[in-house]
Amino acid sequence: MKNSTRFLLMLFVACAIIFMSVYYTAGQFLGTEYEVRVINGFSNNSSLPLVIWCVSQQDGDMGGRALQEGDDYGWRVKTNIWGDFGYLCTLKWDGKRRSFEAFRVGRDSRRCGPLNKCSWLVKEDGFYFSSDEVNWKKHFSWC
């Protein structure tokens, strides 16, 4: 191999590494594992469960669950460098229905914090996010 060809190959590899380290967050690039939870945070719905059904581009149909007050539905996500996949969940309760992305690599790899925890608390007035299950921030309402 000529020196100029070797130099160009090394330059290409170095540029590719730099591009990937800038384009992808550490979690995406290294295959970090995240814990995702959706928690029924209703204060008085013992007769009406929160119904949740999730699907993902990576795992396909994950099935449905009926969550009573205080119950949760959780799973682990391992990121990869092949794409910005997500987990879409549809929730139903008392005639209300809402779909949302419970996890998306590009959005959540940083905001899920050092614990790699992405938690959603679903209440009568909306959906709250937390990376530590102590500090909750409302992200959207049912409608």
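Residues that are part of a helix (DSSP H, G or I) and either within 25 Å of residue 32 (Cα to Cα) or within 16 Å of the chain's Cα centre (by Cα) (or both): does segment 110-132 have at least one?
Yes, that holds for at least one residue.
In this structure, is residue 107 under 20 Å from residue 140 (Cβ atoms), under 10 Å from the mean Cα position of the chain (by Cα), surrounded by 12 or more Cβ atoms within 10 Å (Cβ to Cβ) and free of Cβ contacts under 8 Å to residues at least 60 places away in the same chain? Here the answer is yes, as residue 107 does meet what is asked.
Only the coordinates and a few stated rules stand behind these numbers; no lab work does. Quantities reported herein were computed from a predicted structural model and do not represent experimental measurements. Neighbour counts run over all protein chains shown; Cβ positions are idealised from the backbone, glycine included.
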